[in-house]
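The values are calculated or read from the model by the stated rules, or taken from the named source; none is laboratory data. If you're wondering where the values come from, they're calculated on a predicted model, not measured in any experiment. All Cβ positions, glycine included, derive from the backbone under ideal geometry; neighbour counts span all protein chains shown.
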Amino acid sequence: MNSISDNFIFQLEEIIQERINNPITGSYTNTLLDGGRKLIAKKLIEESGELAVAYLDDNSSSDDIIWEASDLIYHMLVLLQSSDLSLNEISSELANRHKEK
């Protein structure tokens, strides 16, 4: 992997935070944020279901699963940022859980 893709999830988190701080008319991220908690939660549930369906579908390719996983992660990042939470906080929680085992 190259350095752009290695760090892009964190860059995307920053982009979402930038949309929160400085909205851009017509931005999909701002459309979600303007729609509020119910819309963000609805989209997260929808994308989670689409990923599960792609995973279970014998006709789905790896590209299909990657596409749906990417949608899910993006919408999860929007939810986290709109809750004033970060990937670093999620990473810390996962590390703590790992230590407990």
Exercise. Considering (1) part of a loop (DSSP other than H, G, I, E, B); (2) surrounded by 14 or more Cβ atoms within 10 Å (Cβ to Cβ), say which one residue 79 fails and leave the rest.
Key: (1)
Quiz prompt | Only listed residue being acidic (Asp, Glu), at negative phi, touching a residue at least 24 places away in the same chain (Cβ under 8 Å) and in a helix (DSSP H, G or I), chosen from 71, 63 | solution = 71
Practice problem: Give the residues of segment 47-64 that are acidic (Asp, Glu) and closer than 18 Å to residue 74 by Cβ, sorted by residue number. | Solution: 47, 50, 63, 64
Exercise. Please tell me if residue 92 is surrounded by fewer than 16 Cβ atoms within 10 Å (Cβ to Cβ) and part of a helix (DSSP H, G or I).
Key: yes
Quiz item: Given the structure, is residue 44 within 12 Å of the chain's Cα centre (by Cα), closer than 15 Å to residue 75 by Cβ and at pLDDT 95 or above?
Solution: yes
Quiz prompt | Residue match in segment 15-23 (condition: under 14 Å from the mean Cα position of the chain (by Cα), surrounded by 12 or more Cβ atoms within 10 Å (Cβ to Cβ) and outside any helix (DSSP H, G or I)) | solution = no
Self-check item: First in segment 37-56 and touching a residue at least 60 places away in the same chain (Cβ under 8 Å) and part of a helix (DSSP H, G or I), second anywhere and among the β-branched types (Val, Ile, Thr) and surrounded by fewer than 16 Cβ atoms within 10 Å (Cβ to Cβ), Cβ under 8 Å, 6 or more apart
Solution: none
